[in-house]
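The structure appears right after this line, and notes come after that.
Rule-based calculations on the coordinates, nothing more; no lab input. The structure displayed is predicted, hence computed values, not measured ones. Cβ placement follows ideal geometry from the backbone for every residue including glycine, while neighbour counts extend to all protein chains displayed.
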Amino acid sequence: MKAELWIGEDRFCKRFFDSDELKKELQVYQKQLPMTARLISAGGMQIDLSLLQGRPYLDTPLSFFPGLLGRTLAAFHQSGFDGSKCWCHWDNNPKNILLSEDLTAYYLVDFAQLEFDFPEADLTHLLLFWIQHFNDEQLRLFTKLFINAYTLLMPIDKERWNQHIPLSIRRFNQRRIDFGKAPDLLLNNTRYIQHLIGL
């Protein structure tokens, strides 16, 4: 059962029905990272978080800053990195990444599906959402800018990146099926996707 959400006067409240999801969310929010909401309180199966002023980052593609997003994801991954794997956002659909109202920061929300995995698994899945919003030329440019910024803080293994593209495509389409949507036929062309976002 999905968590119950509501907004209070000065906070965002989330009540869980799955203790594993609660544990994952707390694991992130207790770190008080700059790209997440601030944990106000936690008790029982509920957490209260500070309100974030922002909107889903791909709602306004003209205000997209791939370098800033790359640095944000790198800092998040770095906070739980063991030298090869890290804590991955995992459910990185566009509604779970907010661009601040002043266009200076990205915020990550919803960590119920947090996974300890290779960062390349998280990143290649994230980029698949861009295909519906940008043309091929933009996508290649934004991918380059994103990776250049990310690798200032965190390493990317080129071979592992390319290996994870087909795995991320399967996860992406399975998620669509789970939500009652048809698979994205464009993503069935793995060679084309490798051409767009491969290293």
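Of note:
- Ranked for footprinting exposure by Cβ neighbours inside 10 Å, fewest first, Ser79, Ser84 give Ser84, Ser79.
- From the coordinates of this entry, semi-axes √(5λ) of the Cα gyration tensor in Å is computed, and it appears in (i) 25, 21, 16; (ii) 28, 18, 17; (iii) 34, 18, 15 under the label (ii).
- Taking other C-beta atoms within 10 Å as the exposure proxy, Cys13, Cys88 rank Cys13, Cys88 from fewest upward.
- Fewest neighbouring Cβ atoms within 10 Å first, the residues Lys24, Lys181, Lys85, Lys14 line up as Lys181, Lys85, Lys24, Lys14.
- For the set Lys31/Lys158; Lys95/Lys158; Lys31/Lys95; Lys85/Lys158; Lys24/Lys85; Lys24/Lys144, the pairs lying more than 20 angstrom apart at their alpha carbons are Lys31/Lys158; Lys95/Lys158; Lys31/Lys95; Lys24/Lys144.
- Here the peptides 59-66, 34-41 are ranked by packing, the mean other Cβ count within 10 Å, and the order with the highest first is 34-41, 59-66.
- Rounded if a/c under 1.5, otherwise prolate or oblate - the range 4-49, Cα gyration tensor axes: oblate
- Over the chain, DSSP H runs of length four or greater, each weighted -39,500 (n - 2.57), average out per residue to a 222 nm ellipticity of -12500 deg cm²/dmol.
- Candidates Glu137, Glu120, Glu21, ranked by Gaussian network fluctuation over the chain, Cα under 10 Å, top entry: Glu137
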